[in-house]
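The values are calculated or read from the model by the stated rules, or taken from the named source; none is laboratory data. It should be emphasised that the depicted structure is a prediction, and the values quoted were computed from it without experimental measurement. Glycine gets a Cβ as well: all are built from the backbone with ideal geometry, and neighbour counts include every protein chain shown. These accessible areas exclude ligands, DNA and RNA; they are computed on the full protein's heavy atoms, side chains included. Shrake-Rupley method; radii C 1.70, N 1.55, O 1.52, S 1.80 Å.
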Amino acid sequence: MATFVLIPGGWHGGWMYAALCGRLRDAGHEAYALTLSGLEETPSPGRTINLETHIADVAEFLTVEDISGVILCAHSYGGMVATGVADRASYRIARLVYLDAFAPRDGQSLLDLQTEENRQRVSDGARDEGDGWQIPPSQVPADTSEVDLAWVMAHRMPQPIKTFEQKIKLTGAVERLPRTYIYCKISRPGDVFRQFRDRASTEQGWQCIDIDASHSPNVTAPEALAKILDGIASARG
């Protein structure tokens, strides 16, 4: 049995892992899906929320629950958060799993790792629809079912822009942890995640796994994703 702590991507909460958590628990694992500050159903005041706020959210959860030996799995933007948590609390982490996620180096922000077109879209969205400090939700993968699409659209929240703007500060501790990159092969135009898949396939300390799914397999392919994560946990033990 392994303990999974799951960090959502931008605009999402722990609810996005509902189907995956059920399958992981059926396989005998513990699974905790977190919702970060400002992304709650009734969001906390968000103008000052930044990347460090979200790193502190997860670090506090691990401390309060006194969990160690964790497989920390993060989707998309959540990779920024997981990297910071693993760097600050590496003694609690057994493995870091990036699910089609950003894997920053020291001094990088999420926007630094985006295309210029995407950076402009974020800036325009916050200016036009988010009072200058919130980013409206991005497009949902095209292969999302009608039922899942309605569910996702009903729950997503605007993202505090400072979480995308703040540059991460790393000590290098995360580089000493075993890391897995799960790359979603059904990519969309302007795919920014291939760069991390390429890095994971060439640098030491990484395992690289491809999944035949679009960007959110925790929603569109939870069965296949659960099997991959179960395999990661089994190999560890």
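Please compute one quarter of the surface area of the Cα convex hull for the chain and express it in square nanometres.
Values: hull surface 47.5 nm².
The orientation-averaged projected area of the Cα hull of the chain comes to 11.9 nm².
With only alpha-carbon atoms counted, please give the Rg and Dmax of the range 184-237, in Å.
12.3, 38
Label the range 80-153 by shape, choosing from rounded, prolate and oblate, from the square roots a ≥ b ≥ c of the eigenvalues of the Cα gyration tensor; if a/c is under 1.5 it is rounded, and otherwise prolate applies when a/b is larger than b/c, oblate when it is not.
Details: a/c = 2.31, a/b = 1.34, b/c = 1.72.
Judged from the Cα gyration tensor, the range 80-153 comes out oblate (a/c at least 1.5, b/c at or above a/b).
Quick one: if the Förster radius is 22 Å, what FRET efficiency do Q204 and E65 give, using the C-beta to C-beta distance and rounding to 0.05? Walk me through the numbers before you get to the answer.
On the way: r = 31 Å, r/R0 = 1.43.
In this case the efficiency is close to 0.10.
Report for the chain the percent antiparallel among DSSP-assigned beta bridges with both residues inside it, nearest 5.
Values: 2 of 27 bridges.
The antiparallel proportion sits near 5 percent.
Arrange the peptides 65-71, 211-217, 142-148, 191-197 so that the one whose residues have, on average, the most other Cβ atoms within 10 Å appears first.
Most protected by this proxy first, the peptides run 211-217, 191-197, 65-71, 142-148.
Does the range 123-227 come out rounded, prolate or oblate by the C-alpha gyration tensor, with a ≥ b ≥ c the root eigenvalues, rounded set by a/c under 1.5 and, if not, prolate when a/b is larger than b/c and oblate if not?
Numbers: a/c = 2.22, a/b = 1.20, b/c = 1.85.
Since a/c reaches 1.5 but b/c is at least a/b, the shape of the range 123-227 is classed as oblate.
For the pair D124/L111, report the inter-label distance in nm, with labels modelled 7 Å from Cα in the Cβ direction.
Spacing of the two 7 Å Cα→Cβ label points: 1.6 nm.
Taking the solvent-accessible surface of protein heavy atoms with a 1.4 Å probe, what is the per residue accessible area of the range 124-237 in Å²?
Details: 5990 Å² over 114 residues.
It amounts to 53 Å² per residue over the range 124-237.
Only Cα pairs under 8 Å and at least 6 apart count here; give the relative contact order of the range 15-72 as a rounded whole percent. Intermediate results must be reported in sequence, preceding the final value.
Details: 25 pairs, mean separation 12.6, N = 58.
Reported as a whole number, the value is 22 percent.
By average Cβ neighbour count within 10 Å, what is the ranking of 199-207, 118-126 from highest down? List each step's numbers first, then the result.
Working: 199-207: 13.1, 118-126: 16.4.
My ranking of the peptides, most packed first, is 118-126, 199-207.
Counting only protein heavy atoms and a 1.4 Å probe, tell me what percentage of the chain's accessible area is made up of carbon and sulfur.
Details: 5120 of 10540 Å².
Its accessible area is 49 percent carbon and sulfur atoms.
Let's test this: bin the Cα-Cα distances of the range 4-103 at 5 Å from zero up to the farthest pair and state each bin's percent.
For the range 4-103, the pair-distance distribution reads 3, 14, 25, 27, 20, 9, 2, 0, 0.
Counting alpha carbon pairs within less than 8 Å and at least 6 residues apart, what relative contact order, in whole percent, applies to the range 146-237? Intermediate results must be reported in sequence, preceding the final value.
Working: 67 pairs, mean separation 23.7, N = 92.
Taking the mean separation of contacting Cα pairs over the length of the range 146-237, I get 26 percent.
Order 157-170, 26-39 from most to least packed using the mean count of other Cβ atoms within 10 Å. Before the final figure, lay out each step's value.
Details: 157-170: 21.2, 26-39: 18.6.
Answer by packing, highest mean first, reads 157-170, 26-39.
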